[in-house]
Amino acid sequence: MSRGRLLTSPPLSDGTPAPRVRFAPSPTGSLHVGSVRTALDNLLFARREKGVFILRIEDTDVERSKAELSEQILSSMKWMGLDYDEGPFYQSRRYDLYRAAAERLLAEGKAYRAFETPDEIDRERKKAEAEGRAYRYSGAGRDISPEESERRAHAGERHVVRLKMPAETIIVQDLIRGPVEFPADALDDFVLVRSDGHPLYHFSVCVDDTEMKITHVIRGDDHLANTPKHVALFRALGAPVPQFAHLGMILGTDRKKLSKRHGAASVEEWRDAGILPEALFNYLALLGWAPGGDREILSREEMEKEFSLDHVGASPSVFDPEKLLWMNAQYIARMPGEELLARAAAAATQELPPRGVALPAIELHRPRVRTMIELARALRSYGQDPQEYDADGLRKQVRPETPAQLEKLVARYETQTDWSAGALETALRETAESIGVGAGKLIHPVRLALTGVTVGAPLFDVLALLGKETSLRRLKRFLNAIAREVRT
């Protein structure tokens, strides 16, 4: 990842400049999956078009922006593999650029100072509401001469800076939605700079996009309403207007806007839940983009080669946690064992068993787990005896006669010389037959004894991998525990 530098974009073979796109999160919260989808669509577009992907941190909201959240954004992007070519650029360090742009717009007569107090604006807004019409700024500041404006400003009178919006319909040729019209009577002279001198979002964004030579703005459709303001600003700044592409909203499974109530919402939460970054990247890339051929599992190289805004839809997409878990399981199933072991070790809260045991255990359990947390937990059971047993399992599988039945099996296993899965299964079934019960009466308690739970990999493979000494020790510990339970 680059750090705070501007690159010169090489031209394409046809002589046109390479595309330049940006991801511009605000450090007022953790990186949400919706924001990540925007970031990776920008990244995939840049890689497909041999362009430049820029990271800009929009931290001008002094009250809400936090340095630690900026670090979380960088950490989450690194974990996801969202490698930017330029940046990170922090808007809080670029105030001189915004001040200079505001002064230039004032000098050129494209913006003006407005001296209304907040109370005056509030009265105008309430009057509009009472009359049943949408509030629009009156434009009174336009009537103040430049000389009078300068005099009042130098006298210390509080004011904002507003853009002179053109009296025309603005048409945005959206790359996803097609032409979108914004009539002139719906647009008023909006504020660029607050009375305390801080630039507002629309102004700093357009100044930065101009200075960074952004060619394509790919963002969520919640920004579509801002676009006519931005088009007018780019024109006022004398800058080329970027091409816009507004991505469809991401909804929860209830078709409502995605939020915390739909489960883990941030990148960090999904990481901590045991989701692989490759799986999350793949899943989010498919929210709105259709690569064709009903394919769902794509490599990073395939996505970078094939991504196209032509195949991104405007309709909302549904974020389904169950589908993400399914996709994560697919990545676990396909990942080489050595790499999976390294990932599991990173996800584990306790030490895993030695490599010679862990790798065969991975092959046993990878078809049966959906997260790295589940895999780490399964692997840990080979290096540590169960400290407790599943309560529901004990209630369902342990009866007064169970200790005596297990003692028969332990006695048989103690004489067992062939500790292979097949031989162990034969021994258990013969023991069950000799005491007149079905094999399940032994299989379920034995699994509880070995792993502490009632579900998992094939029991006899688990027995074989644990080895004779460990298996017998765990069976005897379990016998002691359930014997006490049966007596009480």
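Structure above, values below:
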read-out	value
Contour excess over end-to-end distance, with Cα ends at Ala333 and Glu388 and 0.36 nm allotted per residue	16.9 nm
Proximal aspartates and glutamates to Lys50, defined as alpha-carbon separation beneath 18 angstrom and excluding residues fewer than eight positions away on the same chain	Asp14, Asp41, Asp83, Asp85, Glu86, Glu301, Glu302, Glu304, Glu306, Asp310
Centre separation in Å (Cα based) which lies between segment 177-193 and segment 81-98	27 Å
Full-stretch length increase - Arg295, His223 - with 0.36 nm per residue and alpha-carbon distance subtracted	22.9 nm
At R0 = 56 Å, FRET efficiency that the Cβ-Cβ distance of Asp196 and Val437 yields, to 0.05	0.10
Among Ala232, Pro242, Gly252 - extreme Cα towards positive end, dipole of segment 212-313, charges at beta-carbon	Ala232
Over 28 Å (Cα to Cα) - which of Lys126/Lys257; Lys127/Lys164; Lys256/Lys323 fall in this group	Lys126/Lys257
Ellipticity estimate at 222 nm from DSSP helix runs (n ≥ 4, -39,500 (n - 2.57)) divided over the chain, nearest 500	-14000 deg cm²/dmol
Alpha-carbon Rg/Rh ratio, for segment 193-242, with Rh computed the Kirkwood way	0.97
Accessible-area value, Ser145, 1.4 Å probe, nucleic acids and ligands omitted, Å²	50 Å²
Surface per residue (accessible, 1.4 Å probe) for segment 322-470, Å²	49 Å²
Equivalent ellipsoid dimensions for the chain as semi-axes, Å, which come from the Cα gyration tensor, largest first	64, 24, 19
Accessible surface of segment 131-285, 1.4 Å probe, proportion on carbon and sulfur as whole %	52 percent
Label-to-label distance, nm, for residues given as Ala239 and Thr470 (7 Å Cα→Cβ offset)	6.1 nm
Within segment 447-486, backbone nitrogen closer than 16 Å to the virtual label 7 Å beyond the Cα of Arg429 toward Cβ	458-461
Cβ charges +1 (Lys, Arg) and -1 (Asp, Glu), total dipole of the chain, debye	1100 debye
Alpha carbon convex hull of segment 219-268, projected area averaged over orientations, nm²	4.9 nm²
Relative contact order of segment 251-398, pairs being alpha-carbon contacts under 8 Å that are 6 or more residues apart, as %	25 percent
20 °C / 1.002 mPa s Stokes-Einstein diffusion coefficient of segment 235-295, Kirkwood radius on C-alpha pairs, µm²/s	146 µm²/s
Beta bridge orientation in the chain: antiparallel %, DSSP, nearest 5	55 percent
Estimated distance in nm for a label pair at Lys396 and Ala128, the labels positioned 7 Å out from Cα along Cα-to-Cβ	6.2 nm
Segment 377-488, relative contact order [Cα under 8 Å, separation at least 6], %	37 percent
The chain: DSSP helices with Cα axial extent of at least 24 Å and average Kyte-Doolittle hydropathy no lower than -1.0	468-487
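The values are calculated or read from the model by the stated rules, or taken from the named source; none is laboratory data. All figures in this text were calculated on a predicted structure; none of them were measured in a lab. For neighbour counting, all protein chains shown are included, and Cβ atoms are generated from backbone atoms with ideal geometry for every residue, glycine included. In case anyone asks, the SASA skips ligands and DNA or RNA and just uses the protein heavy atoms, side chains included. Shrake-Rupley method; radii C 1.70, N 1.55, O 1.52, S 1.80 Å.
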